[in-house]
Amino acid sequence: MVLALQKEDIDISALIKNSRSTKDGAQVVFIGCVRDDGNMDALEIEAFVPVAEKDLRDISAEAIEKFGLTSVDIIHRYGRLELGETIVVILVGAGHRSEAYEGSRYIIERLKEKVPIWKQELSGNARGEWVH
Amino acid sequence: MKITVKAFAMFREVMDMQIELEFPDGATVRTLLTSLTARYEGLSEVMFAAPDTLRDFVNILRNGRNIHFIAGLDTPLDNGDIIALFPPAAGG
């Protein structure tokens, strides 16, 4: 399982290949990316990394217990991300699709609610509002 | 005692990202915030809805644990503590 914050892009294919086991009947991948809202050309993502890493471990353990997942990988990026770039990847494995979909949804909602990560809109050299 | 304060997101726009401060024994989070708001113009408005009342969105962690679950503004400080100030999470 990979639970990490990083600046580099995420190799989703490698993540899927490394995570899959013969216990899996389903894998669900959630990808969050930088949307063009028309008033910005990038996002600056800031994280309180040590606390965020602990929160990812806690959320992963919660999801495994709650939905019987076979695996959880969560990688969230930080730093400057351009339009269309990947922000976060959540990969879950489960015996059946229902648990996989539910577990994936649970993890992204908990991440948005709990993990100390913030986004600021950037337009040219100007810094905009912090997104909540 | 020496306390390290880390500020994130909107808070680091009105104060340093990281600062080390000295306090006498018996200091609390309230003592720390009084010192910070005296040092940084504009921080009080961002942080407090009224004197002694933090705005709802303000999160304060002492060594990774929210002071809401310790003793709020009366949470005692110890030498070497790391205090983090930040708004609600917005990742994903």
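One line per residue, one yes/no per condition, for (1) open to solvent by less than 60 Å² (accessible area, probe 1.4 Å); (2) within 17 Å of A:Leu3 (Cα to Cα); (3) of a type outside the set (Gly, Ala, Ser); (4) within 16 Å of the chain's Cα centre (by Cα):
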| residue | (1), (2), (3), (4) |
| --- | --- |
| A:Ser21 | yes, no, no, no |
| A:Gln27 | yes, yes, yes, yes |
| A:Gly38 | no, no, no, no |
| A:Glu44 | yes, no, yes, yes |
| A:Asp58 | yes, yes, yes, yes |
| A:Glu62 | yes, yes, yes, yes |
| A:Tyr78 | no, yes, yes, yes |
| A:Ile90 | yes, yes, yes, yes |
| A:Glu109 | no, yes, yes, yes |
| query | For the subset of region B:77-92 comprising residues that are out of contact with any helix residue (DSSP H, G or I) (no Cβ under 8 Å at 6 or more places or on another chain) and more than 8 Å from chain A (Cβ to nearest Cβ), which member is surrounded by the most Cβ atoms within 10 Å (Cβ to Cβ)? | reply | B:Asp81
| field | Unmet requirement for A:Tyr101, which otherwise passes all of (1) without any contact (Cβ under 8 Å) to a residue 60 or more places away in the chain; (2) open to solvent by 70 Å² or more (accessible area, probe 1.4 Å); (3) of a type outside the set (A, V, I, L, M) | value | (1)
| Matching residues in region A:59-88 - criterion: being without any contact (Cβ under 8 Å) to a residue 12 or more places away in the chain and either farther than 17 Å from A:Ser19 by Cα or not in a helix (DSSP H, G or I) (or both) | A:Glu65
| Looking at region A:111-132, which of the residues that are open to solvent by 50 Å² or more (accessible area, probe 1.4 Å) and among the acidic types (Asp, Glu) is nearest to the other protein chains (Cβ to nearest Cβ)? | A:Glu113
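Could you say whether any residue in region B:56-64 is assigned to a loop (DSSP other than H, G, I, E, B), within 17 Å of B:Met1 (Cβ to Cβ) and within 14 Å of another protein chain (Cβ to nearest Cβ)?
yes
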| remark: Only unsatisfied item for A:Glu8, checking (1) under 23 Å from A:Ser71 (Cβ atoms); (2) open to solvent by less than 90 Å² (accessible area, probe 1.4 Å), is (2)
| query | Among the listed residues A:Lys17, A:Lys23, which satisfies the condition of being assigned to a loop (DSSP other than H, G, I, E, B), within 23 Å of A:Gly93 (Cβ to Cβ) and at pLDDT 95 or above? | reply | A:Lys23
| Can you name every residue in region B:19-63 that is open to solvent by less than 60 Å² (accessible area, probe 1.4 Å), more than 24 Å from B:Asn79 (Cα to Cα) and more than 13 Å from the chain's Cα centre (by Cα)? | B:Gly42, B:Ala50
| task | Tell me which residues, restricted to region A:30-58, are within 10 Å of another protein chain (Cβ to nearest Cβ), part of a strand (DSSP E or B) and not acidic (Asp, Glu). | result | A:Phe30, A:Gly32, A:Ile45, A:Ala47
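The values are calculated or read from the model by the stated rules, or taken from the named source; none is laboratory data. Quick caveat: nothing in here was measured; it's all calculated off a predicted structure. Ideal geometry is used to build each Cβ from the backbone, glycine not excepted, and the neighbour counts take in all protein chains shown. SASA here: full protein model, heavy atoms, side chains in, ligands and nucleic acids out. Shrake-Rupley method; radii C 1.70, N 1.55, O 1.52, S 1.80 Å.
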